[in-house]
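Remarks on the structure that follows.
The values are calculated or read from the model by the stated rules, or taken from the named source; none is laboratory data. Note that the structure is predicted; figures quoted are calculated from it, not measured. Here the Cβ is made from the backbone with ideal geometry for all residues, glycine too, and neighbour counts use every protein chain on show. For accessibility, only protein heavy atoms count, side chains too; no ligands or nucleic acids. Shrake-Rupley method; radii C 1.70, N 1.55, O 1.52, S 1.80 Å.
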Amino acid sequence: MQALPHHYTAKADTTIESVVELSSHNLPVLNSTPPIQFGGSGEFWSPEDLLMASVADCFVLSFKAVARMSKLKWHSISCESEGILDKVDGKTKFTKITNNVHLLIEEGESLEKAEKIIHKSEAACLVTNSLTATIELVSKVLHN
């Protein structure tokens with residue numbers, strides 16, 4: 001890992017009648033529109049979808065790093081992140097995010113060890129550490 005601080009840049013471009021094009025250095029362009037709840041078509045990613053994807057992705061990447069350091073033998077993991085958007089003190093914001101994690105570990109691995117790694121991964125996730133929403137973790141660990 002490079003020394004901190006790190007700097008990241010993303011850009012959003014649009015015209016009055018087109019989708020928003022999201023770009024960042026050397027990455028594919030993503031199209032974005034408001035979600036259906038805000039009058040969008042639901043055909044493209046929205047900022048709300050992208051935030052939930054960032055939460056889920058960061059959790060899984062954090063898990064991979066912690067599991068590697070802990071020498072956990074595992075087969076697959078999925079994290080579905082669900083956010084609740086509400087109005088608080090006149091501002092619309094995410095108030096709660098639930099991460100539903102399913103982990104498949106090798107036979108003979110400790111379920112307790114896997115659960116500890118899941119919780120360490122949650123604590124290491126820089127995206128959720130940067131948010132004010134309440135974060136809930138629901139995990140299910142099974143042997144292969």
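Data table
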read-out: Residues whose placed amide H lies under 5 Å from that of S139, excluding near-sequence neighbours; value: V101
read-out: Charge tally in the Cβ shell below 14 Å around G42, where Lys, Arg are +1 and Asp, Glu are -1, G42 excluded; value: -3
read-out: Value in Å of the Kirkwood radius, where the chain supplies the Cα pairs that are averaged; value: 17.2
read-out: In the chain, lysine pairs with alpha-carbon atoms under 18 angstrom apart (chain gap of 8 or more, or interchain); value: 16
read-out: Per residue solvent-accessible surface (Å²) - the chain, probe of 1.4 Å; value: 69
read-out: Where N is the number of residues in the range 52-95, Cα Rg divided by 2.2 N^0.38 Å; value: 1.63
read-out: Share, in percent, of DSSP beta bridges within the chain that are antiparallel, nearest 5; value: 65
read-out: Accessible surface of the range 46-144 [probe 1.4 Å, protein heavy atoms]: carbon and sulfur percent; value: 52
read-out: Within the chain, helix-based [θ] at 222 nm, where runs of 4 or more DSSP H residues each add -39,500 (n - 2.57), nearest 500; value: -9500 deg cm²/dmol
read-out: Given charges at beta-carbon only (K, R positive; D, E negative), |dipole| of the range 1-117 in Debye; value: 500
